[in-house]
Amino acid sequence: RDVMPTDQMDKHPLQNRWALWFFKNDKSKIWQANLRLVTKFDTVEDFWALHNHIQLASKLTSGCDYSIFKDGIEPMWEDNKNKRGGRWLITLPKQQRRTDLDHFWLETLMCLIGEAFDEYSDDVCGAVINIRAKGDKIALWTKETENKEAVIHIGRVYKERLGLSSKVVIGYQAHADTATKSSSIAKNKFVV
Amino acid sequence: GKKQYDRDFLLGFQFMPACI
């Protein structure tokens, strides 16, 4: 029998449509001009086609970001869906870029597209990976810092999915605090 | 209901041919 063309096969739909954004730091341009929407996807198959096609995060140059957000949410604090929210933040020292960064990012993406946080998945907005010379960061953004139950549940599941030891503590920071911080470290609103 | 996929299910599709 003829092989069915791939575009006619049933793909596995995701609960949400997601958008991939790419940020490349070019100091000659304003911040918004450096942020580009790459593409959107809403099936398991299209997620992998995209993931397998683009550069691994660990191979990006310093100053670049990937962001994955639900369709309709821009990857910035100012977006209406983000402004009351915050982020679970994972910071990685430089030596972990080679060993852990791509693995942690992929696990993060699978948590998002697989809706890993049960009834609290609706609180998830997206995730960002920052490649920086002084240390890389991965952050999972949620919509509302006051939804304590949701934030804590998401943090616990996320930490478990990343395979972090119970001795490791990760913190959740409100975007409002990060945006107005006077030192380089915003205070943690929650920890798990 | 909500379309939830665990990591093993998702990983099973990583190297399947797909087109976008």
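Computed from the coordinates by the stated procedures, all read-outs in this text should not be read as laboratory data. These numbers were taken from a predicted model, which means no experiment stands behind them. Reconstructed Cβ throughout: ideal geometry from the backbone, glycine too, with neighbour counts over all protein chains shown.
Listing for the model above:
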quantity: Those residues of the range A:29-56 which are within 14 Å of chain B (Cβ to nearest Cβ), surrounded by 14 or more Cβ atoms within 10 Å (Cβ to Cβ) and in a helix (DSSP H, G or I), in sequence order; calculated: A:Val44, A:Glu45, A:Asp46, A:Phe47, A:Trp48, A:Ala49, A:Leu50, A:His51
quantity: Helices (runs of 4 or more DSSP H) fully within the range A:93-192 counting 3 or more residues that are touching a Leu at 6+ places or on another chain (Cβ under 8 Å) and within 22 Å of A:Gly63 (Cα to Cα); calculated: A:102-113
quantity: Close pairs from the range A:108-130: first more than 22 Å from A:Phe22 (Cα to Cα), partner not in a helix (DSSP H, G or I), Cβ under 6 Å, at least 6 apart; calculated: A:Glu115/A:Gln15; A:Glu115/B:Lys2; A:Glu115/B:Gln4; A:Ser121/A:Glu115; A:Asp123/A:Thr142; A:Asp123/A:Lys143; A:Asp123/A:Asn147
quantity: Pairs with Cβ under 7 Å, 6+ apart, first in the range A:160-175 and more than 17 Å from A:Thr108 (Cα to Cα), second of a type in the set (Gly, Ala, Ser); calculated: A:Gln173/A:Gly86; A:Gln173/A:Ala186; A:Ala174/A:Gly86; A:His175/A:Gly85; A:His175/A:Gly86
quantity: Members of the range A:86-105 that are touching a residue at least 40 places away in the same chain (Cβ under 8 Å) and in contact with an Asp or Glu (Cβ under 6 Å, 6 or more places away or on another chain); calculated: A:Leu92, A:Leu101
